[in-house]
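Enquirer: Shown below is the structure under consideration.
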Amino acid sequence: MDSGNQSIVKEFFLLGLSDNPTMQVPLFQLFLIVYMSTLAGNFLLIAAVSVDKRLHNSMYLFLANLSFLDICYTSIIVPKMLVNIAISSKSISFTDCIIQVYFYLFLGETECSLLAFMAYDRFAAICNPLRYNVIMDTVTCFRMISISWMTGSVISSVDIFYVYRLRYCGHTTINHFFCEALSLVQLSCSDISSNNIVALVGGAILLLIPLSLILFSYIQIFFVIVRLHSGRYKAFSTCVSHLIVVIIFYGTAMFMYMRPRYAATEVTDKMVSLFYTIITPMLNPLIYSLRNKDVQRALRLLGNSLTIVQ
């Protein structure tokens with residue numbers, strides 16, 4: 001490992017979303033509202049699953065874990081962005097930047113695996129309803145959640161090793177609003193061919209393999225639903241929210257990381273990153289709660305409990 005990078009570059013400068021001074025206050029207000037909404041929505045969802053014993057099954061345990069991931073995911077990016085806007089600073093230390101890259105990769109890669117296991121859970125519930133409680137018992141659910149976190153941890157550790165060993169040779173300006181991995185690698189004056197190979201292999205493992213499992217699960221679900229004489233809408237409605245989240249998450253991730261780099265533009269990269277790192281974590285609890293009567297009932301129960309306490 002080449003440790004010379006720290007002696008050459010002590011900090012980076014994030015250009016952010018706009019360098020227009022008149023836009024800084026509106027941007028700060030907008031992202032503060034989005035961040036607070038994200039925290040409130042996801043914490044409420046976790047609390048609702050916790051207080052309602054009828055939601056103590058694999059589907060909602062996965063959902064609560066997804067909410068926790070979204071809280072962590074947005075929290076590694078938005079607070080630093082808000083601080084930089086508030087104090088008119090664009091700097092981030094080398095160490096903080098590497099930490100941000102690591103957790104960005106770790107949490108994103110964990111979510112890839114978690115969404116695949118959530119699809120398998122829907123497959124077990126619809127295709128094997130009589131054996132669902134045996135197939136997806138609490139122990140199996142927690143094992144899948146643990147595998148998701150361990151997979152994200154291992155692969156992100158490999159990724160960050162290849163990022164950390166790069167030299168930057170005085171190139172310090174990142175045209176992004178956070179330390180995004182690809183943007184940081186592009187600044188390096190080192191040979192990044194090994195990084196490209198690691199990114200390609202990691203992308204195949206964490207995008208294509210989970211996506212294949214998701215597609216397999218939903219193809220099987222589709223054929224089962226088609227053969228049903230009644231209850232088709234009810235069966236499909238349990239999958240709609242997860243499908244929407246999968247399409248948003250995998251669609252933006254594959255657009256960002258699986259396309260040729262010559263087709264990328266800095267403005268497009270920022271907008272796509274903004275959507276899946278900040279907007280999607282805010283939307284996820286809305287997507288799951290708006291169509292789910294069980295979650296709505298649990299939220300009312302939580303509201304009643306808080307009212308009684310007051």
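Enquirer: Scan I99, I126 and give me the residue that is among the hydrophobic types (A, V, I, L, M, F, W, C) and surrounded by fewer than 18 Cβ atoms within 10 Å (Cβ to Cβ). Lay out the reasoning, then the answer.
Expert: On the way: I126 fails: surrounded by fewer than 18 Cβ atoms within 10 Å (Cβ to Cβ).
Of I99, I126, the one residue that is among the hydrophobic types (A, V, I, L, M, F, W, C) and surrounded by fewer than 18 Cβ atoms within 10 Å (Cβ to Cβ) is I99.
Enquirer: Limited to segment 120-146, what total is found for residues that are in contact (Cβ under 8 Å) with a residue 60 or more places away in the chain and under 19 Å from Y233 (Cβ atoms)?
Expert: 5
Enquirer: Still on this structure: Going through I219, I214, I209 one at a time, which residue ends up being at pLDDT 85 or above, buried (at least 18 other Cβ atoms within 10 Å of the Cβ) and of a type in the set (A, V, I, L, M)? Show your work before the answer.
Expert: Details: I219 fails: buried (at least 18 other Cβ atoms within 10 Å of the Cβ); I209 fails: buried (at least 18 other Cβ atoms within 10 Å of the Cβ).
I214 is the lone residue from the list that is at pLDDT 85 or above, buried (at least 18 other Cβ atoms within 10 Å of the Cβ) and of a type in the set (A, V, I, L, M).
Enquirer: Is there a residue in segment 16-32 that is surrounded by 15 or more Cβ atoms within 10 Å (Cβ to Cβ), closer than 30 Å to R167 by Cβ and of a type in the set (A, V, I, L, M, F, W, C)?
Expert: Checked segment 16-32: at least one residue is surrounded by 15 or more Cβ atoms within 10 Å (Cβ to Cβ), closer than 30 Å to R167 by Cβ and of a type in the set (A, V, I, L, M, F, W, C).
Enquirer: For residues in segment 124-160 being of a type in the set (D, E, K, R) and part of a helix (DSSP H, G or I), which is farthest from C112 (Cα to Cα)?
Expert: Top of the filtered list is R131.
Enquirer: If S89 passes every condition in (1) hydroxyl-bearing (S, T, Y); (2) part of a helix (DSSP H, G or I); (3) more than 12 Å from the chain's Cα centre (by Cα) but one, which one does it miss?
Expert: (2)
Enquirer: Looking at V49, V83, can you tell me which residue is aliphatic (A, V, I, L, M), out of contact with any Cys (no Cβ under 8 Å at 6 or more places or on another chain) and buried (at least 21 other Cβ atoms within 10 Å of the Cβ)?
Expert: Result of the check over V49, V83: V49.
Enquirer: Among the residues of segment 92-123, which ones are in a helix (DSSP H, G or I), aliphatic (A, V, I, L, M) and within 30 Å of H171 (Cα to Cα)?
Expert: From segment 92-123, those in a helix (DSSP H, G or I) are 94-123; that's our starting set.
This time we only want the ones that are aliphatic (A, V, I, L, M), so: 98-99, 101, 105, 107, 114-116, 118-119.
Listed by number, the residues that qualify are I98, I99, V101, L105, L107.
Enquirer: Right, another one. So, of the residues in segment 163-190 that are part of a helix (DSSP H, G or I) and of a type outside the set (F, W, Y), which turns out to be nearest to the chain's Cα centre (by Cα)?
Expert: Only one residue fits best here, namely A181.
Enquirer: Looking at T238, T265, T277, T252, which one is modelled with pLDDT of 85 or more and of a type in the set (S, T, N, Q)? Full working, then the answer.
Expert: Values: T238 fails: modelled with pLDDT of 85 or more; T265 fails: modelled with pLDDT of 85 or more; T252 fails: modelled with pLDDT of 85 or more.
Of T238, T265, T277, T252, the one residue that is modelled with pLDDT of 85 or more and of a type in the set (S, T, N, Q) is T277.
To keep it simple, each residue is scored yes or no on (1) in contact with a Lys or Arg (Cβ under 9 Å, 6 or more places away or on another chain); (2) among the aliphatic types (A, V, I, L, M); (3) surrounded by 14 or more Cβ atoms within 10 Å (Cβ to Cβ).
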{"residue": "S156", "(1), (2), (3)": "no, no, yes"}
{"residue": "C169", "(1), (2), (3)": "no, no, yes"}
{"residue": "T173", "(1), (2), (3)": "yes, no, no"}
{"residue": "F177", "(1), (2), (3)": "yes, no, yes"}
{"residue": "A181", "(1), (2), (3)": "no, yes, yes"}
{"residue": "D191", "(1), (2), (3)": "no, no, no"}
{"residue": "I197", "(1), (2), (3)": "no, yes, no"}
{"residue": "G202", "(1), (2), (3)": "no, no, yes"}
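Enquirer: With respect to R259, is the statement that it is basic (K, R), at pLDDT 75 or above and either out of contact with any Ser or Thr (no Cβ under 8 Å at 6 or more places or on another chain) or more than 25 Å from I77 (Cα to Cα) (or both) true?
Expert: no
So that you can scan it fast, the table gives a plain yes or no per residue for (1) of a type in the set (A, V, I, L, M, F, W, C); (2) modelled with pLDDT of 85 or more; (3) under 25 Å from S113 (Cβ atoms):
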{"site": "D2", "(1), (2), (3)": "no, no, no"}
{"site": "K10", "(1), (2), (3)": "no, no, no"}
{"site": "P26", "(1), (2), (3)": "no, yes, no"}
{"site": "L30", "(1), (2), (3)": "yes, yes, no"}
{"site": "A48", "(1), (2), (3)": "yes, yes, yes"}
{"site": "K53", "(1), (2), (3)": "no, no, no"}
{"site": "Y60", "(1), (2), (3)": "no, yes, yes"}
{"site": "A64", "(1), (2), (3)": "yes, yes, yes"}
{"site": "I71", "(1), (2), (3)": "yes, yes, yes"}
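Enquirer: Hey, another quick one. What tally of residues in segment 61-85 results from selecting those that are aliphatic (A, V, I, L, M) and either more than 27 Å from M23 (Cα to Cα) or within 13 Å of the chain's Cα centre (by Cα) (or both)?
Expert: 8
The values are calculated or read from the model by the stated rules, or taken from the named source; none is laboratory data. The structure displayed is predicted, hence computed values, not measured ones. With ideal geometry, Cβ positions are generated from the backbone for all residues, glycine too; neighbour counts draw on all protein chains shown.
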